[in-house]
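*Asks:* What follows is a single structure, and I will ask about it in a moment.
The values are calculated or read from the model by the stated rules, or taken from the named source; none is laboratory data. Bear in mind that the values here come from a model prediction, so they are computed numbers and not experimental data. A quick note on method: Cβ atoms are made from the backbone with ideal geometry, for glycine too, and the neighbour counts reach across all protein chains shown.
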Amino acid sequence: MPITQNKKRIRVQHIVGTGTAQADITRNIQLPARARKIVDIHAEIVELDYEIIPNKIIIKGALHKQVYYVEEGDYVVKEFTIMREEFTDFVHIQGARPDMEAMLDGHILFVNTNPANGEFPTDLLYQVAVLAVDVKVIETMALDVVTDAYGEGISVQKAPFSVECLIGAAEKQSTISVEHLLCKPARKIYDMEAVCRDLDYEVLPGRVIVRGTLHKQIYYVDACDDTVQAQCFDNEFSVVLDVPGAKPDMEVYTRCRIDFCEAKLMGPQPCNMVKANAILQVSVKVTELTKMNIVTGVEGALTDRCRIRVEDIIGRKCSQQNVNQTIDVNAPLDVNNMLVKSAKNMTACVRNVSYEKVCNKVIIKGTIHVQVYYVACNCEQELRETSADIPFTTVVNFDCISEDTMIRCRERVEYTDVKLEGCPCETSKIRAVAILEICVCAFQTRDFMVVTNICSNGLCNTQPPQTKPMPEPEPPSDPEEEICPVGGYMYEVKAGDTLAKIATAFQAQVPGITWQQIARFNNIYAPYTLNIGQTLRIPCVAGKG
């Protein structure tokens with residue numbers, strides 16, 4: 001009796017390896033004027049990109065910052081933009097090759113700015129920023145997996161399979177040309193910089209709309225005194241990409257980079273009008289959560305099999321939360337007896353998100369930082385600013401959460417509103433409202449041995465997968481694999497040692513160990529000084545122990 005087998009074609013993202021890079025950015029910031037206080041710092045990782053060399057991923061990116069401060073002798077909030085602070089780091093991932101892909105997810109762990117000389121007022125600030133970039137190296141594989149089989153003398157073993165399957169990917173160039181009015185007449189354009197910010201997306205049948213903000217800074221030569229002036233402009237953009245098979249409930253991974261930008265004066269010199277041109281390269285990758293049972297083994301017949309490593313999705317859920325708080329504009333110590341005439345608008349961003357796994361639940365905590373802009377009474381139409389950090393906590397229920405379960409969160413502010421609490425010029429209180437969407441994905445990285453064909457009459461002649469699968473694990477050459485001791489390896493510092501040299505020396509015991517990890521594990525901070533004879537502990541960060 002012939003064997004009947006059911007098959008399904010899937011495109012999975014085989015995980016070659018994962019890792020995390022951490023970059024520390026420290027620098028002095030020269031403000032254009034003396035500040036008596038720092039109101040807020042908005043920081044965002046932009047232009048995140050990578051290059052894969054054998055067994056290593058080189059990570060490149062920039063930190064884009066806007067510093068909001070109050071000038072000495074004034075009460076008006078001013079803004080100073082730092083377009084990019086570039087950083088480069090690497091992650092060691094065994095098996096990575098240049099023909100593979102990497103998916104990056106950057107986070108700002110900490111950012112702080114203080115007076116460089118220790119006190120205000122000052123025009124020189126000292127900044128410390130700590131960034132983390134999660135890296136996942138993948139290889140897309142097209143497989144025809146067996147989902148069921150029938151036949152005399154055979155029995156099949158099945159396993160539940162829940163994974164993000166690749167639906168499609170697209171890339172598109174988009175040109176954005178906008179005219180702007182400069183504050184002062186310009187003799188010529190000195191330079192222009194641009195970055196993509198605040199990326200978001202919407203999935204429609206067969207297409208993805210990527211939205212974001214193009215933040216530009218134009219440098220021009222003042223026609224009056226030949227000084228170089230800088231002026232910032234923001235433009236929202238939307239790019240539509242065709243992805244056949246895309247549906248609204250699917251996941252999207254987006255990227256945006258600036259391929260070219262320039263600014264030109266529009267008219268005889270001196271001139272206030274300028275035209276800014278930018279070419280964006282926008283790319284998307286769309287995946288769908290696929291759940292099925294797959295055949296992992298067959299007794300009574302020969303089979304073709306393939307080993308893959310994927311994210312086994314436990315569940316993906318989204319929730320919305322209304323976050324609101326009353327803000328008193330007199331709360332800052334240097335503001336007194338201020339009354340509000342009207343509330344203009346507000347901006348909001350999510351910060352300091354953390355999660356905790358408890359009893360089949362994921363508890364997500366964080367803060368929404370809001371900046372409210374208002375007009376005060378007896379101040380003509382001067383726009384003032386106040387800010388607040390509003391904490392939030394939300395709970396998402398998941399079954400079968402364990403210590404090994406990994407969590408991926410995506411959060412965004414969907415709606416903001418600001419209103420006076422009371423009558424104009426009779427109140428100092430403003431009500432800030434934000435609606436927050438939080439999506440949580442719980443998953444585990446698992447190895448599957450999938451059956452791609454059941455052979456008839458002992459003959460197998462199926463086509464291999466389109467990309468090289470993960471090979472079968474080879475038995476160790478030594479009787480026992482070295483186990484990292486509890487608490488890590490011990491090392492005594494010798495003359496000429498640096499953290500980088502020590503990390504290189506321990507690659508055999510702990511593949512992928514970085515000097516930053518050794519520094520954090522031993523509470524060593526800038527300028528990272530070592531003493532001869534000092535004992536260091538080398539952590540087991542790469543899965544040993």
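*Asks:* Quick check on my filter: what residues within the stretch 310-368 are part of a loop (DSSP other than H, G, I, E, B) and either touching a Gly at 6+ places or on another chain (Cβ under 7 Å) or of a type in the set (S, T, N, Q) (or both)?
*Replies:* Across the stretch 310-368, the qualifying residues are 330, 336, 337, 360.
*Asks:* Right, another one. With respect to the numbered conditions (1) over 29 Å from the mean Cα position of the chain (by Cα); (2) over 30 Å from residue 406 (Cα atoms); (3) at pLDDT 90 or above, which one is the sole condition not fulfilled by residue 158?
*Replies:* Unmet for residue 158, out of (1) over 29 Å from the mean Cα position of the chain (by Cα); (2) over 30 Å from residue 406 (Cα atoms); (3) at pLDDT 90 or above: (2).
*Asks:* Which of the residues spanning the stretch 229-266 are within 30 Å of residue 290 (Cβ to Cβ) and of a type in the set (Val, Ile, Thr)?
*Replies:* 239, 240, 243, 252, 254
*Asks:* Report, by residue number, each residue of the stretch 420-434 that is surrounded by 14 or more Cβ atoms within 10 Å (Cβ to Cβ) and either in a strand (DSSP E or B) or charged (D, E, K, R) (or both).
*Replies:* Within the stretch 420-434, 420, 421, 429, 430, 431, 432, 433, 434 meet the criteria.
*Asks:* Any residue in the stretch 424-444 that is assigned by TED's automatic domain parsing to the domain that holds residue 346 and farther than 30 Å from residue 311 by Cβ sitting within a Cβ distance under 6 Å of a residue that is of a type in the set (Ser, Thr, Tyr) and assigned to a strand (DSSP E or B)? List the pairs, counting only those 6 or more apart or interchain.
*Replies:* Correct list of pairs: 429/326; 431/326; 434/416.
*Asks:* Give the residue, chosen from 67, 76, 128, 135, that is within 25 Å of the chain's Cα centre (by Cα), surrounded by fewer than 16 Cβ atoms within 10 Å (Cβ to Cβ) and either at positive phi or in contact (Cβ under 8 Å) with a residue 12 or more places away in the chain (or both).
*Replies:* 128
*Asks:* Filter the stretch 503-529 down to the residues that are part of a loop (DSSP other than H, G, I, E, B), polar (S, T, N, Q) and loosely packed, with under 15 Cβ neighbours inside 10 Å, then identify the one that is modelled with the highest pLDDT.
*Replies:* The qualifying residue modelled with the highest pLDDT is 507.
*Asks:* Among the residues of the stretch 206-239 satisfying the criterion of being closer than 14 Å to residue 275 by Cα and over 28 Å from the mean Cα position of the chain (by Cα), which is surrounded by the most Cβ atoms within 10 Å (Cβ to Cβ)?
*Replies:* 220
*Asks:* Something else now. Scan (1) β-branched (Val, Ile, Thr); (2) closer than 30 Å to residue 8 by Cβ; (3) more than 22 Å from the chain's Cα centre (by Cα) for the single condition residue 274 breaks and write down its number.
*Replies:* Every listed condition holds for residue 274 apart from (2).
*Asks:* Scan the stretch 395-410 for residues that are in a strand (DSSP E or B) and crowded, with 18+ Cβ neighbours inside 10 Å and report the count.
*Replies:* Residues in the stretch 395-410 being in a strand (DSSP E or B) and crowded, with 18+ Cβ neighbours inside 10 Å: 1 in total.
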